[in-house]
Amino acid sequence: MKEKLQALRAKALDELSAITSSDDLSKALEEFKVKYLGKKSELVAVMKGMGALSPEERPIMGQLANEVRGDIEAAFSEAREKAQKADLERKLIEETIDVTLPGKSSPMGRPHPISAVQTEIENIFIGLGFEIVDGPEVEYDYYNFTALNIPPDHPARDTQDTFYINSNVLLRTQTSSVQIHAMEKKRPPIRMISPGRVYRSDAIDATHSPMFHQIEGLVVDKGITMGDLKGTLELFSQNLFGEDTKIRFRPHHFPFTEPSAEVDVSCFACGGKGCRLCKGEGWIEILGAGMVHPDVLRRCDIDPDEYSGFAFGLGIERVVMKKYNIDDLRLLYENDVRFLSQF
Ligand code: PHE
């Protein structure tokens, strides 16, 4: 038995020293532990044979067995400690952080040109005492059309075809629907603008999109005249396009304003002489406007004999495209940062 125990010790220590250089250290060590120190190890098997020894031999062999076990255990813990230390050192070398490397910079974002121009326009009107109101993009037929003097059989519906949720609910084609909401909720004096998305059933090309942005303006009070409309739009245009900007009213027709006009600003690129931006005209069309139709006021329970008002509607994309000389509307929706970071 003595020889057996000694041979076992020698074998275990040999095997252990072979392990230290093996690849998967922790797995090899674990296997070693099971094999030599576990419940089913050879050592345990040898110790089980102890019962057959004479009473004199038993304590001597018992002591030796304990020594062998102790030696194997000590060698094993030492090996494991060494392995852990080596592992830590390897990690420290492999995973060093070079604190002198430059950090990753995250580029600063900025507002989209549509948002930027919208905010600029909002600020001009806030300065003139207007309030900003919001309106629904999913709208009843009544607010988008009928209340604006566009009954179901009116030809103006053909030019503003849209997306219908059902026969009575649609995506608004114009922010003019907010005029009705505002006049139903508030009593004059009303001075508001309402920016937002509008929708039309148009195919996408360089100048059309099924979704775009408008800003609606509405003023209702006693004694409001076309002079107020002109003065307001002139001030607005000069603020947005430059002090020397002139405006021009051309007669037009909108069912919900009377009289109605299309409004041009003098070209801010050439000052009105005619250039590529204004296509030689000297003028750039920016909005539709007019005096609120008496029937529209009446429908909102506002007496047209007592009150009058003006309204206007401006396409934000148009202003953005002219201001930044962008010739394709689609660029504004593709969200290509190479394009957007220019503004
Ligand atoms: N809603 C009209 C359009 O989309 C513009 C407009 C607004 C005209 C207000 C007059 C008054 O074309």
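The values are calculated or read from the model by the stated rules, or taken from the named source; none is laboratory data. Values in this document were obtained by computation on a predicted structure and should not be read as measured data. Note that we place each Cβ from the backbone using ideal geometry, even for glycine, and neighbour counts take in every protein chain shown. Quick note on the areas: whole protein, heavy atoms, side chains included, nothing else; ligands and nucleic acids left out. Shrake-Rupley method; radii C 1.70, N 1.55, O 1.52, S 1.80 Å.
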Check: Where the centroid of each part is defined by its Cα atoms, how far is region 133-202 from region 248-321 in Å?
Finding: 17 Å
Note to self: For 253, 213, 154, give me the order by solvent-accessible area with a 1.4 Å probe, most accessible first, ignoring ligands, DNA and RNA.
What the structure shows: 253, 154, 213
Checklist line | Of 266, 297, 240, farthest towards positive along the dipole that unit charges on Lys, Arg, Asp, Glu beta carbons give the chain | finding: 240
Check: Any idea how far apart residue 17 and residue 187 come out in nm if each label point goes 7 Å out from Cα toward Cβ?
Finding: 10.5 nm
Check: So what is the 222 nm mean residue ellipticity for the chain from helices alone, if each DSSP H run of at least 4 adds -39500 (n - 2.57) and you divide by all residues, rounding to the nearest 500 deg cm²/dmol?
Finding: -13000 deg cm²/dmol
Note to self: Tell me whether region 226-288 comes out rounded, prolate or oblate; compute the Cα gyration tensor, take square roots of the eigenvalues as a ≥ b ≥ c, and use a/c under 1.5 as the rounded threshold.
What the structure shows: oblate
Next item on the list: Set Lys and Arg Cβ to +1 and Asp and Glu Cβ to -1, take the dipole of the chain about its Cα centre, and tell me which of 148, 188, 201 lies farthest positive.
Entry: 201
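Within region 1-90, report the GluC sites (Glu not before Pro) that DSSP leaves as loop and that have at most 13 other Cβ atoms within 10 Å.
Answer in residue order: 56.
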Next item on the list: Select from the chain the helices, each a whole stretch of DSSP H, whose alpha-carbon atoms run 20 Å or more along the helix axis and whose Kyte-Doolittle mean is at least -0.5; answer none if there are none.
Entry: 2-19, 113-127, 226-241
Next item on the list: Counting other Cβ atoms within 10 Å, keep those with at most 11, restrict to DSSP loop, and tell me which trypsin sites (Lys or Arg not before Pro) in region 23-57 are left.
Entry: 39, 40
Next item on the list: Could you work out how far apart the two model spin labels at residue 44 and residue 56 are, taking each label as a point 7 Å from the Cα in the direction of the beta carbon, and quote it in nm?
Entry: 3.3 nm
Next item on the list: Mind ranking 61, 1 by accessible surface for me, highest first, 1.4 Å probe?
Entry: 1, 61
Next item on the list: Kindly provide the GluC sites (Glu not before Pro) of region 242-343 that DSSP labels as loop, not H, G, I, E or B, and whose Cβ sees at most 13 other Cβ atoms within 10 Å.
Entry: 243, 306, 334
Notebook entry, point to check: Could you name the lysines in cross-link range of residue 230, using Cα to Cα under 29 Å and dropping any fewer than eight places away on the same chain?
Noted result: 185, 186, 222, 246, 273, 279, 322, 323
Checklist line | residue 165 paired with residue 94, simple spin-label distance in nm, labels 7 Å along Cα-to-beta-carbon | finding: 5.8 nm
Notebook entry, point to check: residue 252 accessible area, nearest 10 Å², 1.4 Å probe?
Noted result: 80 Å²
